[in-house]
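The values are calculated or read from the model by the stated rules, or taken from the named source; none is laboratory data. Values in this document were obtained by computation on a predicted structure and should not be read as measured data. Because the Cβ atoms are built from the backbone with ideal geometry, glycine has one as well, and the counts that use them run over all protein chains shown.
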Amino acid sequence: MLIAFMALQQLVFVVSVVGNAIVLIVFIKYLRFKAYSNRFVVSLALSDLITGLATGLQMYFILYPTLSTSLFLCIARYEVIGYMASLQQVTVCLAAFDRYVAICHPHKYSKIVTRTTSNVMAVTPWIVLAYKIIYPLVKMAYLPTGIRCRSKTYFSVLYRGVIAIFVYIISFITFAFYILILKVAWRFHRKIGAMDSKDNHRSKTIAKDITRAKVTGIVAVVFSVCWLPYMAFRLRDMANDSQRGVIEQTISNWMVFLGIFNCLANPLIYAWKRPDFRQSCKSLFSCKKA
C-alpha cells in the first residue's frame, strides 16, 4: 500500500509540474494577458506547480525519517500544500467574481475590473494567505528542538477546523456567483434567436464571456470535489476531538491525496475546453509563432 501511495505521489508530481509549466509558458508567451481573467489562470497554474513540487518531496520524509526532526522542513511538508490549496480556493472565487461582473453587469465591467484591479485580485491571495507559512515560522522559535514532524505540532484542531469552515464558505460564495451567472446565461440562450444584426457583436461578447465562465466553473467544481471531502474530516475533528481510528486515518490520507490530485486537473480542463489554449500548445510544440 505504501509503495502504491508513493508511486501515485510521484506520478502526480511529474504530471502536475510538466502540465502546469506548459500552462505558464502558453499563457505568458502566447495568450499573455489579453483577457484580465488570464491572470487568475497564471496564478492557479503557479500554485498548482508548487503543490506538485511539494508532493514530490513527500517521499523523502518516508525514505529519510530524520528529516522529520527539522521544524523548518516540517512546515514545508505540511503547510506549503495547505497554503496553495487556500490560495487556489480564493483565486477561483475571485475568478468567479470576475466572470459574474462580466456577464451580469457587462456595462460596469470596464469600470470595476481594470488592469490594476485584476492585478491586485491576482496578487492579494498570495500576500494575505502567507500567514499560513509565517505563523508556524514564528511559533517554531518557541518550540524545543527534536520534536517529530506532525501537523498538530503547530496548529490546534480548532484552528484547522476554522480553516475548513473558511474553505466551505468560499466555496458557497463561488457557487452563488455561478448561480447568478447561469440565470443570465439561460436568458441569453433563450433570446439569442431573436437578436438582430445590431446585437450580433454584443451577443458574441456575451457568448465568449459565458464560455470563459464555463471553464472557471469546471475548475471550481473540480476543486470542490477534490478538497471538500478532506475538509469534512477537519470539521469532524473539530466537533469530536477523539483519536481517529486506523480506518478513518487511512481514509483521511487518501482524501488528502484526492485534494493534491487537483493540481494536475486544471491543465487537462484548459486543453479540453479552451481552443485558444490548444492552438497555442500546437504553436509551442511546433516552434511556430501563435
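If I ask for residues that are out of contact with any Gly (no Cβ under 9 Å at 6 or more places or on another chain) and touching a residue at least 60 places away in the same chain (Cβ under 8 Å), which ones from the range 95-113 would you list?
ALA95, PHE97, ASP98, TYR100, ALA102, ILE103, CYS104, PRO106, VAL113
Tally up the residues in the range 14-58 that are hydroxyl-bearing (Ser, Thr, Tyr) and more than 14 Å from the chain's Cα centre (by Cα), please.
4
Which one of PHE72, PHE97 is surrounded by fewer than 20 Cβ atoms within 10 Å (Cβ to Cβ), under 21 Å from the mean Cα position of the chain (by Cα), not small (Gly, Ala, Ser) and not in a loop (DSSP other than H, G, I, E, B)?
Exactly one of PHE72, PHE97 is surrounded by fewer than 20 Cβ atoms within 10 Å (Cβ to Cβ), under 21 Å from the mean Cα position of the chain (by Cα), not small (Gly, Ala, Ser) and not in a loop (DSSP other than H, G, I, E, B), namely PHE97.
Give the range 262-279 a look and list any residue that's surrounded by fewer than 20 Cβ atoms within 10 Å (Cβ to Cβ) and either among the β-branched types (Val, Ile, Thr) or assigned to a helix (DSSP H, G or I) (or both), or say none.
Those that are surrounded by fewer than 20 Cβ atoms within 10 Å (Cβ to Cβ) and either among the β-branched types (Val, Ile, Thr) or assigned to a helix (DSSP H, G or I) (or both): ALA265, LEU268, ILE269, ALA271, TRP272, LYS273, PRO275, ASP276, ARG278, GLN279.
Here is a list: SER16, SER37. Which entry is of a type in the set (Gly, Ala, Ser) and over 14 Å from PRO267 (Cβ atoms)?
Just a single option satisfies the conditions, and that option is SER37.
Quick check on SER283: is it surrounded by fewer than 18 Cβ atoms within 10 Å (Cβ to Cβ), of a type in the set (Ser, Thr, Tyr), in contact (Cβ under 8 Å) with a residue 12 or more places away in the chain and touching a helix residue (DSSP H, G or I) at 6+ places or on another chain (Cβ under 7 Å)?
yes
Please give the number of the condition TYR142 fails out of (1) at pLDDT below 90; (2) of a type outside the set (Asp, Glu); (3) part of a helix (DSSP H, G or I).
It is condition (3) that TYR142 fails.
Here is a yes/no grid of residues against (1) among the basic types (Lys, Arg); (2) in a loop (DSSP other than H, G, I, E, B); (3) over 20 Å from ALA95 (Cβ atoms):
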| residue | (1), (2), (3) |
| --- | --- |
| LYS208 | yes, no, no |
| ARG212 | yes, no, no |
| THR216 | no, no, no |
| VAL221 | no, no, no |
| TYR230 | no, no, yes |
| ARG244 | yes, yes, yes |
| ILE247 | no, no, yes |
| SER252 | no, no, yes |
| PHE257 | no, no, yes |
